[in-house]
Amino acid sequence: MQSVKKYLAECIGTFVLVFFACGTAVVTKCSVDNPAGYLATALAFGLVIVAMAYSIGNVSGCHINPAVSIAMLVSGKMSVKDFIGYVVAQFVGAIVGAAALMAFVGKESGLGTNGLAGVDGSIVKGLVIEVILTFVFVLAILGVTSKVENGKVAGLVIGLSLTLVHLLGIAFTGTSVNPARSFGPALFAGGEALSSVWVFIVAPLVGGVLAALCYKFLDSGNQTD
């Protein structure tokens, strides 16, 4: 039963992320030519994490992102069974969130999908920027959650870190750093968004694994000192 509660929490959290944050990108017409919408979208993604961290964090840890879950798996902080359960729940939440958003803004809005237009359609550049953004985001998560005494501020730090990577990344790819967040909207938007969504699944997972390996190396060095 406890596992079911954790998976449900992850599903709800990812639903909220897609519905509110991607929804904000749509209604504010987020683009580099619209600074207000750009900033509002970056803040929305960060604020959702803060809200969910302090509501479902005590249930599931508030990953709501397969890239975070794979980092926890590599770090030995979760089992393979839970990893699979979390990822399935996250994708379901993202799909339901995108479907709910579509009911309000329509498929033509783009649903806050990610794309490669900001990197001139370059798959390589898209992969690289997403790996870097995810690496920084997940590294921050691993660092702030490594000490129990950081518990009270962890949600805020993680939310601000997500805002940070969005402030740069939106201009390039719309910022994914989250395979589930990208897949849900792309599934309904279709077209180019769906054909390129693999970039936003692969790159964040790679970034998450690299962050976990890097933090494990840095942390083990500190322990030996």
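No value in this document is a laboratory result; all are computed from the given coordinates. Note that the structure is a prediction, hence the values are computed from the model and not measured. Virtual Cβ from ideal backbone geometry, glycine too; neighbours counted across all protein chains shown.
Some values worked out for this structure:
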quantity	calculated
Helix 123-144 axis, angle to the chain major axis (alpha carbon atoms, nearest 10°)	40 degrees
Dipole of the chain, positive direction: furthest Cα of Phe217, Thr145, Gly184, with charges on the beta-carbon	Thr145
Acute angle (nearest 10 degrees) that the helix 80-105 long axis makes with the longest principal axis of the chain, alpha-carbon atoms	30 degrees
Stretchable slack from Lys152 to Val124, in nm (0.36 nm times residue separation minus alpha-carbon distance)	6.2 nm
Spatially proximal lysines relative to Lys6 (Cα-Cα < 16 Å; intrachain offsets below 8 disregarded)	Lys77, Lys81
Base-10 log of normalised Debye intensity for the range 2-224 (one unit scatterer per alpha-carbon) at q = 0.07, 0.12, 0.14 Å⁻¹	-0.19, -0.56, -0.78
Dipole axis of the range 81-225 (+1 Lys, Arg; -1 Asp, Glu on Cβ), positive-most option in Ser109, Leu194, Ala89	Ala89
